[in-house]
Amino acid sequence: MEEREFPVPSPLGRLAGVITPRRPSLSYQLGLAVVAFLMVLLPVIYVGLILLAGWGVWNHATNDLFILQRASGLWFRLLLYFGPIVVGLTLIAFMVKPLFAGRPSASPAIGLDAEQERLLFTFIERVCRLVGAPLPRRVQVNCAVNASAGFRRGAASLFGQDLTLTIGLPLVAGLSMEQFAGVLAHEFGHFSQRAGMRLTYVIQQINYWLFRVVCERDSWDLQLDRATRAAGFGVGGVLHAARGCVWLSRRILWVLMHAGHAVSCYMLRQMEYDADRCACRVAGSDTFRETMLRLQELNRACNSAFAALRDSWRAQRLPDSLPLFIVGTSAEAPSEVCDEAGRRVADTQTGIFDTHPCDTDRIRAAEALDAPGVVRSTDPATALFRDFLSLSRRATRLSYEKEHKLPIQGRNLVDTETSLRETRSLHATRALSERYFGGVSTVFHPISIGMLELLPLPDTEAGLAELRSARDRMKAAVTRARYAQGQQERIGDRLLHAENALALVTAGFAIEPAHFGLEARTPRTVAEAITRLEDQRKQSGAPLVEYSLRAKARLRAALRQLSSPSQAGRIADAQVLQQEVTRLVQALSVLAPALPPLHDLGRTLSGWQLLLMNRGRHSDPVRVDGAIRDRAEQVRELVRQVSRCISGVPYPFPHARGAIALDQFVQPVAPSHDESEGVFNESLACLERLFPLYGEVLGRLAQIAAQVEEALAPEPARGTARAPARDLMARLREVASRLGPEALAARRRPAGLTGETRPRSASG
């Protein structure tokens, strides 16, 4: 076969050498065709089931008219004749509606102009020619940690060369040019096989469609469920039969879906291996291995970055470049996190229903290929773009507005470096607060300090002695406090379930007591259970009360040193810290009394949501509406209590709107015109913002107190200092070195099921 070599301008790096395109084997092509045939057969079977149901309805309607010809038992005969018709038509409607279901909207992306991005388009052209793939007609970018190549207009482009390349800008910001070339070669490798890419598209679309048919539920399902519960005996029996037929049809399709998925996944995995070979021939096997590890790093960083963005959005401040923020987050990953990720890679195993091979198998296959690659450039991939920073900012704002539905204005966007600095500071504060308080949370018994309590003692030595004593007394109470905290959390969960049960039984719902951790189901017995749980919580909370008092004493003893004339000179930036402490203490003094009604608000809101979700399942909606109104009024009163606690006190941290009060801080970003929805949004904003804010304020005070203690009364050194963090790529290469064939074979184990943690209540 003819070998190809293309010169590339030096700014693109050097595509030095040649690659030999690999034609897939006949058995591979036949296997793909068989799989595609089987996958096409599945929707044919589905349509056949619809036609069979239609034939059954028509046959009954035309041939069983004799049921209506007798004079006696009119209602029974009407039910006997029209019942199967209603059941059949309902079944047909539910089976037909997925055929017309709209596709989910794609992630927003920005199309690129070939004239403005000549360097990038030339680079893409060279990679396409090397792997023998058609050129994409559209190149677009978004903020996903991913790249993909697909048909631009879906099935309408199936028989042409109308392709779209979508590039995730975090990949560009986080990869070198040769790594980026390997990613593009992998994506275009799918399209180097003209028939294969079309068959793969058909397989993937049918798999996706079957999943939606079997698993998705919409308003039709909810309406049928409500109508069944509200109907009388005769009509209810017909609707129950219709629901049973719908359920049976979905069970049949569930079997077909899993059978087809298992068959198709094998061929899809083979296509991934084939695309990986293209990436290795272009970028090299060693680069492929580094790229896989780097992609894992970026994906972990993406999860961490979005967690940080949720924290930042509470102050309505977001980084102006999401790709650079993700890459900046990845650069700060601790070495132990990278090492643990490497161990997880070595332990993973490809499952029968996986559409992609696990990274371990892909790296091993790349190492066995031992391809040198033709790209020789370690320059950053951002060099391919005319103005990467400007493009990244445009894509970031589009993602915020269109994908995440955030009302973004210019004031909401801050420099990415500033955002990274604030995130690092917040993480450092949380880590230090965790150590300072010994892992004990004070949200059950919050700490409050008044400014008068921070006046310094006249005797300097007495102040230092007080600080050392308070520190020792707090640490002595940590063990009992941790145990008590576990008890409080368990009782809090049981209390939440019990109050949810009370909301339901008060509205007239019949409950299964065991599902709520109860032994009885009447309103009186549930209320008695709640009273017992509250007594248990009060009794078990005594160690936490004592611990909070000791923690407050330690904080007070440290912070009062900032205003001591004789000690302030020994503390760096004492005057600046004292001003910050004034703001923080003022906020803490109102947040602490707001926490008890916040706990009540969380439980009351949970019951309100439960009633709203189950309103259509009750035979007497009027009674449920009354219970919903009562709960809504309780929520309003608790929101008012919280607002009175925090009203007029300044928010102590930077905010996009400048200097604002705490009650403005908890206002929803977009107030609703509906009263009930407005109350719900206000209560949710209180819970989502004030609990974390209390932790941030207390954590920052603990950080300042620790700085004071380090300057004035340091603890004796223990153990050895931690070694400085190693270079990121050095860590990645070290992890990669453990992924050789021998290590992989020794460390493989059966894949297990991953558990999903249950979200904790607001009071937890």
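The values are calculated or read from the model by the stated rules, or taken from the named source; none is laboratory data. Being a predicted model, the structure only gives us computed values, none of them experimental. All Cβ positions, glycine included, derive from the backbone under ideal geometry; neighbour counts span all protein chains shown.
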inquiry  = Condition first: within 21 Å of GLY616 (Cα to Cα) and assigned to a helix (DSSP H, G or I). Now tell me which residues in segment 498-508 satisfy that.
reply    = GLU499, ASN500, ALA501, LEU502, ALA503, LEU504, VAL505, THR506
note = Flagged in segment 371-401 as at pLDDT 90 or above and either among the charged types (D, E, K, R) or exposed (fewer than 14 other Cβ atoms within 10 Å of the Cβ) (or both), in numbering order, are ARG386, ASP387, SER390, ARG393, ARG394, ARG397, GLU401
inquiry  = Residue pairs, Cβ under 7 Å, 6 or more apart or interchain, first in segment 26-55 and over 27 Å from LEU248 (Cβ atoms) and in a helix (DSSP H, G or I), second modelled with pLDDT under 80 and β-branched (Val, Ile, Thr). List them.
reply    = VAL35/ILE203; VAL35/VAL263; ALA36/VAL202; ALA36/ILE203
task = Go through segment 508-524 and count every residue that is at pLDDT 85 or above and either surrounded by 14 or more Cβ atoms within 10 Å (Cβ to Cβ) or within 15 Å of ARG490 (Cβ to Cβ) (or both).
result = 8
Test: GLU417 is modelled with pLDDT of 90 or more and surrounded by fewer than 20 Cβ atoms within 10 Å (Cβ to Cβ) = yes
message = Can you tell me which residue is surrounded by the most Cβ atoms within 10 Å (Cβ to Cβ) among those in segment 629-668 that are of a type in the set (A, V, I, L, M, F, W, C) and farther than 19 Å from ARG583 by Cα?
response = VAL642
request  = Examine segment 476-486 for a residue that is buried (at least 19 other Cβ atoms within 10 Å of the Cβ) and closer than 30 Å to GLN634 by Cβ, and state whether such a residue exists.
outcome  = yes
task = Check LEU253, LEU309, LEU248 and return the single one that is farther than 30 Å from CYS128 by Cα and touching a strand residue (DSSP E or B) at 6+ places or on another chain (Cβ under 7 Å).
result = LEU309
task = Would you be able to say whether some residue in segment 517-540 is in contact with a Leu (Cβ under 7 Å, 6 or more places away or on another chain) and assigned to a loop (DSSP other than H, G, I, E, B)?
result = no
ask   = Given (1) in a helix (DSSP H, G or I); (2) surrounded by fewer than 17 Cβ atoms within 10 Å (Cβ to Cβ), where does ARG570 come up short, assuming only one miss?
value = (1)
